[in-house]
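**Student:** Okay, handing you the structure first.
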Amino acid sequence: MSLLPALAATAATSASTAEPLWRTIDQPMVLKALVAGVGVVLIAWELWWFLGRHGGGVVAREGEHGLQEITITVDGGYAPSRIRVKAGRPLRLAFHRIDPSGCVAQVIFPDFHKTLDLPLDATTTLELPPTEAGVYPFHCGMNMVRGVMEVE
Ligand SMILES: [Cu+2]
């Protein structure tokens, strides 16, 4: 903000015309409030979109020998992006990638020190050992596309 008067002063000295560089157009209070309100709503929506919980998550199905299995479709995001599994049982995650974007070519489970390459139009599985209850995030190579595994 302190830069603007300085710039104006510089411009005023170089151009000798008295015409101001900009004019403040006074807007009605209602309009100001509306614009501010829309901004706040958009910020709230963005926070919800990136950080909020979207539904209760999808529970893994029980396979043979207590192996829990869940298939996650990778298409612009993880579907489901929130999965729920039971603690203390082996788990097999199957990532089916149909999104050609290089962004999702890898999925990383930082808590397990696992990085998985996901070839396009293929299903890649990752077996995780039985784990303790907790919330374990996973994300793409750039940490832009995210999912969460809830172990309960
Ligand atoms: Cu990415």
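**Student:** As an exercise: evaluate residue 36 against (1) away from the ligand (no atom under 16 Å from the Cβ); (2) at pLDDT 95 or above; (3) in a strand (DSSP E or B) and give the number of the one condition it does not meet.
**Tutor:** For residue 36, the exception is condition (3).
**Student:** Which residues, counting only those in the stretch 134-143, are out of contact with any Asp or Glu (no Cβ under 6 Å at 6 or more places or on another chain) and more than 6 Å from the ligand (Cβ to nearest atom)?
**Tutor:** Residues satisfying the conditions are 134, 137, 138, 139, 143.
**Student:** Within the stretch 131-150, which residues are of a type outside the set (D, E, K, R) and farther than 15 Å from residue 101 by Cβ? Reasoning before the result, please.
**Tutor:** First, pick out the residues of the stretch 131-150 that are of a type outside the set (D, E, K, R): 131, 133-145, 147-149.
Within the stretch 131-150, 131, 133, 134, 135, 136, 137, 138, 147, 148, 149 qualify.
**Student:** If a residue counts only when it is in contact with a helix residue (DSSP H, G or I) (Cβ under 7 Å, 6 or more places away or on another chain), which strands (runs of 3 or more DSSP E) contained entirely in the stretch 52-152 have at least 2 such residues?
**Tutor:** 134-140
**Student:** A further question on this structure: Can you tell me which residue among 146, 61 is in contact (Cβ under 8 Å) with a residue 60 or more places away in the chain and either within 16 Å of the ligand (Cβ to nearest atom) or surrounded by fewer than 12 Cβ atoms within 10 Å (Cβ to Cβ) (or both)?
**Tutor:** 146
**Student:** Can I ask one more? Within the stretch 42-69, which residues are in contact with a Lys or Arg (Cβ under 7 Å, 6 or more places away or on another chain), modelled with pLDDT of 90 or more and under 24 Å from residue 99 (Cβ atoms)?
**Tutor:** Residue satisfying the conditions is 69 alone.
**Student:** Which of the residues that make up the stretch 101-126 are of a type in the set (S, T, N, Q), within 16 Å of the ligand (Cβ to nearest atom) and exposed (fewer than 13 other Cβ atoms within 10 Å of the Cβ)?
**Tutor:** Once the filter is applied, which keeps residues that are of a type in the set (S, T, N, Q), within 16 Å of the ligand (Cβ to nearest atom) and exposed (fewer than 13 other Cβ atoms within 10 Å of the Cβ), the stretch 101-126 yields only 115.
The values are calculated or read from the model by the stated rules, or taken from the named source; none is laboratory data. Everything quoted here is computed from the prediction, not taken from an experiment. Cβ: placed from backbone, ideal geometry, glycine included. Neighbour counts: every protein chain shown.
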